[in-house]
Amino acid sequence: MTTGRQLRLYNSLGRRMMDFVPSADVVGVYSCGPTVYSFPHLGNMRPYVFADTLRRALRWQGIPARHVVNITDVGHAVADSDTGEDKLEVAAARERRSVEEIAAFYTQAFFDDMTALNVLPADEYPRASEYVPQMIEFAARLEELGYTYLLPSGLYFDTSKSPGYGTLALLDLAGQREGARVEHVEGRKNKSDFALWRSEEPGVRRVMRWDSPWGWGAPGWHLECSVMSMSLLGAHFDIHTGGVDHRELHHVNEIAQSEAYLGDGRPWVRFWLHNEFLLLNNAKIAKSSGPVPRLADLTEAGYHPMAYRLFLLGGHYRSQLDFTTHAVDAAQATLRRLAGRVVALRPLPAAGSFAAARALLPPDDKAAAAYLDQLDAAIAADLATPKILAGLQESLRDADITTEGLGVVVAAADALLGLGLATLDPREIDRRRSLTDLDPAEIETIERLVADRTQARKEKDWARADEIRTALETLGVQVTDTPSGPTWDLC
Ligand SMILES: [Zn+2]
């Protein structure tokens, strides 16, 4: 066995764990991307770090994938509603810039954050504004098939004509049709019906507008993902990802219109994967520029972007995660410790797949083989990143592993976690601190720990000495033993 274990993923469609077996030579993966009207905040990063883990898992198993992330630069109305202003146009008015400038600026801000978080680039980043003719064709086909009706506010999809409507969200169709939706749309037949095309209100000229069989207007938000994914990945593909909020409405509507359009009786997409929310209730980050902190706020406060990535990976993607300064401090300390230990193992070998890692293992290193197996089991079990982290940390403490074997395990774990351990400079991690920043009490604590460690070494209590070294590393302190005694510095 060289490809690793059978990958199992939790499919929101049916709400169960399933064996993932690709249906094509190249697995199509589509992730709902950002609406580029403001800076993405920390919570917005989670879906992409999660999708990145999925891609690393596929690579680990030697499964080629093609990943598409859309950029929503038109069509997303404020409050995710069917009527009302476009988010991009509101932002343009607010910032006195053109919608094109707004889209370009915030798209770049998104890419910058992705790069800082070491998220593998997608194969394609289609812009919604570049696919409007195809969206019009798609909606026209649905109209031809009898799935739509026209109102003054736009062309609507009739969800009562979609037999499986709401399966993904476990919606009771009758309940959803009568259910409370915030928005009242005059003439809408069912409350779950949604706009495929949003017509201009009389006397209100949109900035971004296209002519269509239903008059001047703009596409509905849900339409773009169906059209762009099919156009770039084929009519059917294997995996669609997004935040759990999309599971209730956006993805439900994507499925309804896509399956109506295809009309082949097959599920449009086989696997629907959703990450849980990031909670920000307890976040207290200095210099936060808005109500919800951004990655830039974290880095300005002295945290390394990889500390945030490590914090995210420390929770399973299907668990809610509470962002607190305590949690990100702990992640920063862990990152510092990891980087400090890994320096001696460099250069790390290229162990991006299970097969590659297996081939690199020293033949007699049973401990390394066991850790590799542990990593493989964790990633195959619905991308259990906390277990991968735990395995990595355990292996670094293990006395029975060879240095060469440890290098392979670390490289393999990092190929899955994407923390950049092969090159991360421990001195770069804690940008907040230099020696002059330390207050006398901190220096006293460090001096005392260093003295305790020296004493432990004199007594040949190696376990205690190591424990103290770890405690010092957590504080960002590196001890070096010299002939004239130990010295220390911030690492
Ligand atoms: Zn989408």
Study note, to complete from the structure: Contour minus Cα-Cα span, THR470 to ALA301, at 0.36 nm per residue, comes to 58.4 nm
Practice item. Using the charge dipole of the chain (Lys, Arg: +1 at Cβ; Asp, Glu: -1 at Cβ; taken about the Cα centre), state which of GLY28, LEU223, SER212 has its Cα farthest towards the positive end. Key: GLY28
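Which shape class, rounded, prolate or oblate, goes with the range 58-142 when its Cα gyration tensor gives a ≥ b ≥ c as root eigenvalues, a/c under 1.5 marks rounded, and past that a/b bigger than b/c marks prolate? Intermediate results must be reported in sequence, preceding the final value.
Working: a/c = 2.60, a/b = 1.33, b/c = 1.96.
Taking the square roots of the gyration eigenvalues as a ≥ b ≥ c, the range 58-142 is oblate.
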**Study point:** C-alpha long axis of helix 440-458 to longest principal axis of the chain, angle in °
**Key:** 50 degrees
Study note, to complete from the structure: Shape descriptor, the range 368-483: equivalent ellipsoid semi-axes (Cα gyration tensor, sqrt 5λ, whole Å, largest first) stand at 32, 19, 12
Check your understanding: In square nanometres, what is the average projected area of the Cα convex hull of the range 1-150?
Key -> 11.9 nm²
Check your understanding: To the nearest 0.05, how large is the calculated FRET efficiency for ALA399 and GLU144 if R₀ is 51 Å and r is the Cβ-Cβ distance?
Key -> 0.15
Point to revise | Crossing angle, helix 42-60 versus the chain [Cα axis fit, 0-90 degrees, rounded to tens] | key: 80 degrees
Revision key, fill the gap. Computed for the range 393-491: size of charge dipole around the Cα centre, +1 on C-beta of each Lys and Arg, -1 on C-beta of each Asp and Glu, debye to nearest 20, value 140 debye
Revision key, fill the gap. Computed over the chain, the relative contact order (Cα-Cα under 8 Å, seq sep at least six) in percent reads 17 percent
**Study point:** Coil-residue chymotrypsin sites (Phe, Trp or Tyr not before Pro) of the range 1-57, DSSP, other Cβ within 10 Å capped at 13
**Key:** none
Review point. What does the convex hull of the Cα atoms of the chain come to per residue, in Å³, rounded to a whole number?
Key: 155 Å³
Revision key, fill the gap. Here the alpha-carbon Rg of the range 210-327 over 2.2 N^0.38 Å rounds to 1.43
Practice item. Give the Cα extents of the range 18-75 along the principal axes, in whole Å, largest first. Key: 37, 23, 19
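FYI, it's all coordinate maths here, none of it is from the lab. These numbers come from a predicted model, not from an experiment. Glycine also receives a Cβ, built like all others from the backbone with ideal geometry; neighbour counts cover every protein chain displayed.
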